[in-house]
Amino acid sequence: MMMQQKSSDIFTCICCNKFYNLDDRKPIQLPCEDVICRQCYCIQKDQVQSQQIQCPFDNTHLFDIDHPIRTPLYLLRNLEKYDFHLITCDQHPSEYANIFCKQLNKVICSRCFQQNPHPHYYRDKSSHFFFDRKFLEESFQKMININENVIQDIKILQDNINQFINKERNFNIEEIQNMITKNYHIIQQSQLADKDLLLLSYQPSILSFISNFSRLVMLHIQNDRITSHLLRIKGSTKLLYRATRDGFQAVNFHSRCDNLGPTISFIMSHQGNVFGGYTSVSWTSPAKNTNYPDKDSFLFQLNLNKLYQKVGSLDFAVQHNTKFLMVFGSGDMLISDECNKNSESYSELGYTYELEKDIESSNKQKLQYLAGTDYFKVIEIEVYQVKP
């Protein structure tokens, strides 16, 4: 049986097996009319031992190092039109997967959908939605930042352990305790990861987690406008601040968000919870805690699709302090400086913003409602300016 060539094959450099692009891997046509990318051509040119370059596909094809090369215009024109954001289906490699089935928790292609009927789709059209690759791109970009921090922490820990074993310097009790605690957490997390990997081999729920933030935010903000019934506010929006792009320090937040009027903030904790708050009061950076009344402010939790109005004093709707990114209520939600590195951010509903009616004020659930836990690290924050 003859192997079917995929349409993407013509856009792949056979020398390095990577897609051509319009920059460093731009397609180059050799004098023998074989085509490779510019990156591979430069490598061939740099490694040449004589004044001749050898074609990587046929060693009988030789040409002078200064021989002019050309760009295959037909390939370049098609390259400009090709959509590289596609994901191929595992079951049908010639098809592109762009439909997410919530019930199966899986991305499928149109052929999968046709061959294996999804009766739940006809009962509830919202059980499927078109999957946008940018969810994954944004999520993986966030993971890079998280992984870099983890790698750096492990490197410092490893250096300290080696210094202790090799008797290179003196250590105090606090340093030893920190080393033991960090090492314990790393081992504990790796054990949990093994269990998670076993579960994921049967149910690929990781896909839902990594796309959750962008997906939930887009349910409430589309085309630079608030489209949410839950949030009860209307207006156009402008992205002012994104933590993974602009930094997780309080100074990064205030330099982009202060004195710009009403804002809505979306936050994702390391537990995977997406929550946040709206305030009509412009953020400022006083040196000491300063309370501000705000009759329009509220908190929300998007995983639970819940909104929390004020029940306490209006005078404590928000607190401003140059040391923190944002504070809502009298401890209902606080996002700390360098919140991606420490677990000093916390939430405890019930002081200024309402709890669920069936939850007692002493119940531990009030500590977990927003972020999934009372003290947490932050994976991402997005703050939007809101204009009527």
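Bear in mind that the values in this text are calculations on the coordinates, not laboratory data. None of the values given here were measured: they were computed from a predicted structure. Neighbour counts run over all protein chains shown; Cβ positions are idealised from the backbone, glycine included.
Extension gain, ASP46-ARG70: 0.36 nm per intervening residue step, less the Cα-Cα distance, totals 6.8 nm. Each residue, SER343 and ASN166, gets one label point 7 Å from its Cα in the Cβ direction; the gap between the two is 3.1 nm. Run through the range 119-184 and list the trypsin sites (Lys or Arg not before Pro) located in a DSSP loop whose Cβ has at most 11 other Cβ atoms within 10 Å. Hits after loop and neighbour filter: LYS167, ARG169. Within the shell of other residues whose beta carbon sits under 14 angstrom from the beta carbon of SER236, the net charge comes to +3, with Lys and Arg scored +1 and Asp and Glu -1.
Across the cross-link table entries LYS155/LYS377; LYS234/LYS323; LYS182/LYS377, which are compared at the Cα atoms, the separations over 26 Å belong to LYS234/LYS323. Qualifying trypsin sites (Lys or Arg not before Pro) in the range 256-335, where qualification requires a DSSP coil assignment and no more than 15 other C-beta atoms within 10 Å, comprise LYS288, LYS295, LYS323.
Measuring spread by the Cα atoms of the range 65-175 yields a radius of gyration and Dmax of 25.3, 69 Å. Rounded to two decimals, the Cα-based Rg/Rh of the range 226-387, with Kirkwood Rh, is 0.92.
Cross-link partners of LYS306 among aspartates and glutamates, defined as those whose alpha carbon lies under 13 angstrom from its own and excluding same-chain residues fewer than eight positions apart: GLU354, GLU356.
With a cut-off of 14 Å between beta carbons, the residues surrounding MET143 carry a summed charge of -2, where Lys and Arg count +1 and Asp and Glu -1.
Estimated from helical segments only, the mean residue ellipticity of the chain at 222 nm is -9500 deg cm²/dmol, where each DSSP H run of four or more residues counts as -39500 (n - 2.57). Distant-in-sequence amide contacts of LYS18, defined by a placed amide H-H separation under 5 Å and a gap of 5 or more residues or a different chain, comprise CYS13.
Each distinct pair of alpha carbons in the chain adds a 1/r term; the inverse of their mean, the Kirkwood radius, is 25.3 Å. For the range 319-358, the Kirkwood hydrodynamic radius from C-alpha pairs, put into Stokes-Einstein at 10 °C and a viscosity of 1.306 mPa s, yields a diffusion coefficient of 147 µm² per second.
Taking 0.36 nm per residue of separation and subtracting the Cα-Cα distance, full extension of the segment from LYS295 to ARG245 would add 14.8 nm.
Partners of LYS18 within straight-line reach, counting lysines whose Cα lies under 27 Å from its Cα and excluding those fewer than 8 residues away in the same chain: LYS6, LYS26, LYS45, LYS81, LYS106, LYS134, LYS142.
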